[in-house]
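Trainee: Just dropping this structure here.
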Amino acid sequence: MIVMKFGGTSVESTAAIERLAGIVRGRLAEQPIVVVSAMGKTTNRLLEAANLAVAGKRVEALDKVESLRAYHHAEADGFGAATIIDEHFGELTELVRGLAILGELTPRSIDAISSFGERISSHVVALALKAKHVDSRTVIVTDERHTMAAPNYAETNERLKATEWGAITVMGGFIGSTLSGVTSTLGRGGSDFTASIVGAGVDAKEIQIWTDVDGMLTCDPTVLPGGRRVKSLSFAEAAELAYFGAKVLHPSTVVPAIEKNIPVLILNSRRPQVDGTRITAEGPVTTSVAKSIACKKNIALVNIQSTRMLMAHGFLRRIFEIFDRHETPVDMIATSEVSVSLTIDNFGKLETIAAELRDFAEVEIEQDKAVLCLVGDNIRWQPGVAHRVFRALDPVNVRMISQGASLRNLGLVVAQADLREAVERLHQEFFTDVDPEVFE
Ligand code: ADP
Ligand code: ASP
Ligand code: MG
């Protein structure tokens, strides 16, 4: 068996779904399980409707739902999906009305709303392929951390093993349910993760992630177009790139794949003839230092200075205990004797965190920063990488630098306004002369 996951753009229109059908039918011999995202930007639209509803803008919220309904009808009625679309939109409308009355949006109700995208798209694609439909909420079991639930692998794997798969089976990505049957989601971009959970659970031969780019590119095309395709990567490199912003892969995707050593492929649904990127345990044998540059925008740099002159005992523990308690992940860290700088991309609790830190430290927050990360398994073996990075970046002001313990990434913080120039300079330095075995 293989798992084939198609993202939002790969199911956004009649034409896209027809392309998908062609690609899937070409792989019938491998009994594909097709995992689909919501059509186009549906998840964003659903969340906007929910926010309007609880903000007292009931009419606008319902209008948004109606235009989403019209979009689904326009693109999917041709596959015989009109009735199923209306059934789901009936339920969705009730839910949005309910939210407008309650005026409160809990993580659990966010999941209820945002699940509709994949619930509908999976039916549409199953109809288009005349395939078996499996409701992901009956097999993907998660904990109760709504909007970012983690899979309960034992229960999920048992259910996946017990599932009767069709010649082609279609299921929605992103969604699952708790042990007590309440709808949950795996976090934004989570359909990749679903594909990998399913792939590992059924011992698939391959997990294919079909998207709108030729594979993992040497730089984020939204920041700097024109990057090269990386033909192969190791799981560790892919995980690091995903974590530091390469949106093409959800950061958790490789976790189940590593467990069962299943190759993950990134492929372009508009250009299926391109080989894409192959991600495996070993990765390629090459002398290339770096594989790609990942970046994350809208980062805050938090500078924390001990108010005592010397590093007080327990200083770091107190700092991280506060971030931990407020469930705010820290991405990069640099420390000196009396100060710590760290980056975060989740500002929800920043005010509270800063207030608590100020009990024992001076805190300064710099907004509008970006992180860029040079990633490659070979970084650890090559002397002088940091020198090359700084020489290439020369006029760009680097606010912080950090090399993870894995030694396969070199992270830098720059002003967001400098991001493009920084990426361009690093790209020029590390991806001009490249190994043709690994890059195209
Ligand atoms: P899907 O809807 O198929 O899941 P996503 O939008 O989540 O697609 O991911 C694909 C996008 O990831 C690309 O369109 C591209 O803009 C972005 N991206 C960011 N970094 C990279 C990278 N290094 N290589 C390829 N794509 C990247
Ligand atoms: N539809 C979900 C999202 O937009 C999941 C996904 O596309 O992977 O986040
Ligand atoms: Mg995605």
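Read-outs throughout are calculated quantities, based only on the coordinates presented, and are distinct from any laboratory measurement. From a predicted model like this one, the values you see are computed outputs, not experimental measurements. Note that each Cβ is placed from the backbone with ideal geometry, even for glycine, and that neighbours are counted across all protein chains shown.
Trainee: Could you give the angle, 0 to 90 degrees to the nearest 10, between helix 14-25's Cα long axis and the longest principal axis of the Cα atoms of the chain?
Mentor: In the chain, helix 14-25 runs at an angle near 90 degrees to the longest axis.
Trainee: Shifting gears a bit: Based only on other Cβ atoms within 10 Å, what is the fewest-to-most ordering of Asp418, Asp359, Asp220, Asp77?
Mentor: Working: Asp418 19, Asp359 9, Asp220 25, Asp77 14.
Ranking Asp418, Asp359, Asp220, Asp77 by Cβ neighbours within 10 Å, fewest first, gives Asp359, Asp77, Asp418, Asp220.
Trainee: Any idea what angle helix 315-325 forms with the longest principal axis of the chain, computed on alpha-carbon atoms, 0 to 90 degrees, nearest 10?
Mentor: 10
Trainee: While we're here: For segment 205-352, give me the percentage of DSSP beta bridges that are antiparallel, rounded to the nearest 5 percent. Numbers along the way, then the final one.
Mentor: Values: 13 of 22 bridges.
Percent antiparallel among DSSP bridges in segment 205-352 is about 60.
Trainee: Right, another one. Based on alpha-carbon atoms only, what is the radius of gyration of the chain relative to the globular estimate 2.2 N^0.38 Å?
Mentor: On the way: Rg = 22.9 Å, N = 440, 2.2 N^0.38 = 22.2 Å.
Here the Cα radius of gyration is 1.03 times the empirical estimate.
Trainee: Which net charge results for the neighbourhood of Asp345, defined as the other residues with beta-carbon distances under 12 angstrom from its beta-carbon, given Lys and Arg at +1 and Asp and Glu at -1? Don't skip to the end; give the middle numbers.
Mentor: Working: positive: Lys296, Lys297, Lys369; negative: Asp331.
That works out to +2.
Trainee: Working out 0.36 nm times the residue gap between Arg358 and Arg159, then minus their Cα-Cα distance, what length gain in nm do you get to one decimal? Could the numbers behind the result be given before it?
Mentor: Details: separation 199, 0.36 × 199 = 71.64 nm, distance 4.89 nm.
So the extension gain works out to 66.8 nm.
Trainee: Work from the charge dipole of segment 312-440 (Cβ charges, +1 for Lys and Arg, -1 for Asp and Glu, about the Cα centre) and give the residue of Ile379, Val438, Ala405 farthest towards its positive end.
Mentor: Selected residue: Ala405.
Trainee: Something else now. Just to verify a number: FRET efficiency for Glu282 and Asp203, C-beta to C-beta distance, R0 = 22 Å, to 0.05?
Mentor: On the way: r = 20 Å, r/R0 = 0.89.
Once rounded, the FRET efficiency stands at 0.65.
Trainee: Taking 27 Å as the cut-off for C-alpha to C-alpha distance, list the pairs among Lys260/Lys369; Lys41/Lys132; Lys161/Lys231 that go past it.
Mentor: On the way: Lys260/Lys369 38 Å; Lys41/Lys132 25 Å; Lys161/Lys231 32 Å.
Where the Cα-Cα span goes over 27 Å, the pairs concerned are Lys260/Lys369; Lys161/Lys231.
Trainee: Ok, one more. Roughly how compact is segment 330-432, stated as its Cα Rg over 2.2 N^0.38 Å to two decimals? Write out the running numbers ahead of the final one.
Mentor: Details: Rg = 15.2 Å, N = 103, 2.2 N^0.38 = 12.8 Å.
Cα Rg divided by the expected 2.2 N^0.38 Å: 1.19.
Trainee: Then there's this: For the pair Thr335/Glu94, report the inter-label distance in nm, with labels modelled 7 Å from Cα in the Cβ direction.
Mentor: With each label point 7 Å from Cα toward Cβ, the separation is 5.4 nm.
Trainee: Can you list the aspartates and glutamates whose alpha carbon sits under 18 Å from that of Lys349, skipping same-chain ones fewer than 8 residues off?
Mentor: Glu321, Asp324, Glu327, Asp331, Asp359, Glu362, Glu364, Glu366, Asp368
Trainee: Could you work out how far helix 82-102 tilts from the main Cα principal axis of the chain, as a 0 to 90 degree angle to the nearest 10?
Mentor: Roughly 50 degrees between the two axes.
Trainee: Mind checking which aspartates and glutamates have their C-alpha under 16 Å from Lys57, skipping anything on the same chain fewer than 8 residues away?
Mentor: Glu48, Glu66, Glu94, Glu104
Trainee: Among Phe174, Phe323, which comes first, second and so on when ranked by fewest other beta-carbon atoms within 10 Å? Please list the in-between numbers first.
Mentor: Values: Phe174 30, Phe323 19.
So the ranking, lowest neighbour count to highest, is Phe323, Phe174.
Trainee: Can you pull out the GluC sites (Glu not before Pro) in segment 59-107 that DSSP calls coil and that have at most 10 other Cβ atoms within 10 Å?
Mentor: In loop regions of segment 59-107 (DSSP not H, G, I, E or B), the sparsely surrounded GluC sites (Glu not before Pro) are Glu104.
Trainee: I want the antiparallel fraction of DSSP beta bridges within segment 119-258, as a percent rounded to 5. Each step should come with its number before you reach the end.
Mentor: Working: 5 of 10 bridges.
Rounded to the nearest five, the antiparallel share is 50 percent.
Trainee: Same structure again: Taking the dipole about the Cα centre of segment 4-82, with the C-beta of Lys and Arg at +1 and of Asp and Glu at -1, give me whichever of Val65, Leu28, Gly78 is farthest to the positive side.
Mentor: Most positive-ward Cα: Leu28.
Trainee: Could you list Met1, Met39 so that the one with the fewest beta carbons within 10 Å of its beta carbon is first and the one with the most is last?
Mentor: Numbers: Met1 15, Met39 27.
With the sparsest Cβ surroundings first, the list reads Met1, Met39.
Trainee: Ok, one more. Quick one: of the DSSP bridges fully inside the chain, what percent are antiparallel, nearest 5?
Mentor: Working: 42 of 69 bridges.
Just about 60 percent of them are antiparallel.
Trainee: Might you report the magnitude of the Cβ-based charge dipole of the chain about its Cα centre, with Lys and Arg at +1 and Asp and Glu at -1, to the nearest 20 debye? Intermediate values should be presented prior to the final figure.
Mentor: On the way: 46 positive and 56 negative charges, 75 e Å.
With Lys and Arg at +1 and Asp and Glu at -1, about 360 debye.
Trainee: How far apart, in nanometres, would the label points at Thr106 and Asn261 be if each is projected 7 angstrom from Cα along the Cα-to-Cβ direction?
Mentor: The modelled label-to-label distance comes out at 4.5 nm.
Trainee: For Val398 and Arg58, compute 0.36 nm times the residue count separating them, minus their Cα-Cα distance, and round to one decimal in nm.
Mentor: 117.7 nm
Trainee: Taking the Cα-to-Cβ direction at Met148 and at Ala417 and moving 7 Å from each Cα, how far apart do the two end points lie in nm?
Mentor: According to this spin-label approximation, the distance is 3.1 nm.
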